[in-house]
Amino acid sequence: MPNFYRTQTLKIEAQPIFSEVNAASADVWNACCYQMAMFQWHRGYPHAHRDFYFGKDCEGWMDKRLSHPLLHSQSRQAVRERYFKSWKSYAVLKKSGSVENPNPPNNRKNYMTTRFKKSAIRFVEGALLGKRVKLSLAQGHPKIDIPLPSNFDMSKAEHIATIDLCYHYGQWTLHFSYKYETETTATGGEVVGVDIGEIHPIVSHDGQDTHIYNGRYMRSLYRHRNKVLAGFSQAISRCKRHSKRWWRLTRRKWKRIRKIDNQIKDALHKHTTKFVKYCHTKGIGTIVLGGLTGIRKSIDYGKRANQKLHQWAFGKITELITYKAKALGIKVKMIDESYTSQTCPKCGNRKKPNNRNYICKCGFKYHRDGVGAINIRAKYLGHFGVPVVAEKVSDRMTPPLGFRLIVPKVQVALSQIKECA
Ligand SMILES: [Zn+2]
């Protein structure tokens, strides 16, 4: 049976031990960097630190040499795992060339999120002290004792996999991840192709219908975010670095940005939930996502920040669809999406669309984003770019439907910034 994970976050009150623990995790990370250099030096690569990644034997070698007086051994191993995971993703990035100059994970850290694994977690419920979670450190150190809210669901404790202790702009949070097994396995063999675009977050095609999830609200949030950032940076640049006002503005800036980021995240959740639910009711067995090479490079973003945001959203949508589909027993496949937005689904001719509609010389006419989704599906099924003999393609497809996310209007208020500038 396939497993899936769900995460839940909980805001908690700060305790002095928290920063000590996260500093200890960072120590282990720094030790990893050092040990990696040592390992490579031992093998005769005097300055190979940047470009080499060593597999399993290096992990074992390093694990023997890492220790920390404060951290639980499993938390220490979690840091090591994360270190090697970063090396792997660095290797993938470097090979695929999707990022120009990826940085190897060699940066020293001062603080780092600490992960507690199952054996270090204990839930207790007392009449006097209420619900609490106790997290173990190394032997000889008292456990971290964190009170939980009274409505915390203790029955989930058996599913617990890990707890992460996170710090984000002045707020401590616990990230609980629960491991579940799915009972449902999708019965349908239908395949749906999904195009994740800049303009519309999700465009899907299941062989008959095309659905477009409207991205207007998200775009307005992006614009708003950029506007707020620009406004604040201007105000911040006018005051002395690390002065009282500098700190006040910086804090306020991140508070605003955090709120907008939450709104973006919320919209993404709503879109993906709606989409995955639709797939479930339609009896779809496989969702095909175009990806890895990421966002098409041909589009001019104007600003670098914008591109970053889009890439972040792209990854987030992929991640959300994957875990939500998995929970319902739907398979998710990634395929390379190159040329899928340019090829005519009817005759296989390749041409770049230059406006909202894709118009081919063979007479095929369709919504541009829908074409991407149709081709991604076709690519997975193995008939991408093959001319369709029957005239059926355009007949079978219904016009794309737009789903609109109904949300309150974003108020654009820069007045707050101006008054303190
Ligand atoms: Zn054509």
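The values are calculated or read from the model by the stated rules, or taken from the named source; none is laboratory data. Every value quoted in this text rests on a predicted model; they were computed, and no experiment measured them. Cβ: placed from backbone, ideal geometry, glycine included. Neighbour counts: every protein chain shown. Ligands, DNA and RNA are excluded from the accessible area calculation, which covers all protein heavy atoms including side chains. Shrake-Rupley method; radii C 1.70, N 1.55, O 1.52, S 1.80 Å.
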What does the extension gain come out to for HIS175 and HIS383, with contour length at 0.36 nm per residue minus their alpha carbon separation? 70.5 nm
How large is the accessible surface of ARG82 in square angstrom, using a 1.4 angstrom probe and rounding to the nearest 10? 100 Å²
Taking every Cα atom in region 1-181, find the radius of gyration and the maximum pairwise distance Dmax, and write them in Å. 18.4, 61
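Find the relative contact order for region 1-181 and round it to a whole percent, using C-alpha pairs within less than 8 Å whose residues are 6+ positions apart. All intermediate terms of the calculation are to be shown ahead of the outcome.
Numbers: 267 pairs, mean separation 57.2, N = 181.
Reported as a whole number, the value is 32 percent.
Could you tell me what percent of the accessible area of region 190-403 is made up of carbon and sulfur, with a 1.4 Å probe and every protein chain present? Spell out each step's value before the answer.
Details: 5840 of 11040 Å².
Accessible surface attributable to carbon and sulfur in region 190-403 totals 53 percent.
So between ARG248 and LEU128, what do we pick up on full extension, going 0.36 nm a residue minus the alpha carbon distance?
Numbers: separation 120, 0.36 × 120 = 43.20 nm, distance 4.03 nm.
Stretched fully, the ARG248-LEU128 segment lengthens by 39.2 nm.
Once you have a ≥ b ≥ c as the square roots of the Cα gyration tensor eigenvalues for region 190-403, tell me rounded if a/c is under 1.5, and otherwise prolate or oblate according to whether a/b is larger than b/c. Please report the intermediate quantities before stating the final value.
Values: a/c = 2.88, a/b = 1.94, b/c = 1.49.
Judged from the Cα gyration tensor, region 190-403 comes out prolate (a/c at least 1.5, a/b above b/c).
Using a 1.4 angstrom probe on the protein heavy atoms only, line up ILE335, ILE257 by accessible area, largest first.
Numbers: ILE335 35, ILE257 0 Å².
Output order, biggest surface exposure first: ILE335, ILE257.
I'd like to check one number: the per residue accessible area of region 190-403, probe 1.4 Å, reported in Å² as a whole number.
About 52 Å² of surface per residue is accessible.
By the scheme Lys and Arg +1, Asp and Glu -1, what is the net charge of all other residues having a beta-carbon under 12 Å from that of TYR178?
Details: positive: ARG6, LYS118, LYS156, LYS179; negative: ASP153, GLU158, GLU181.
Taking every Cβ under 12 Å from that of TYR178, the sum is +1.
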For region 219-246 and region 331-383, what is the separation of their Cα centres, given in Å? 40 Å
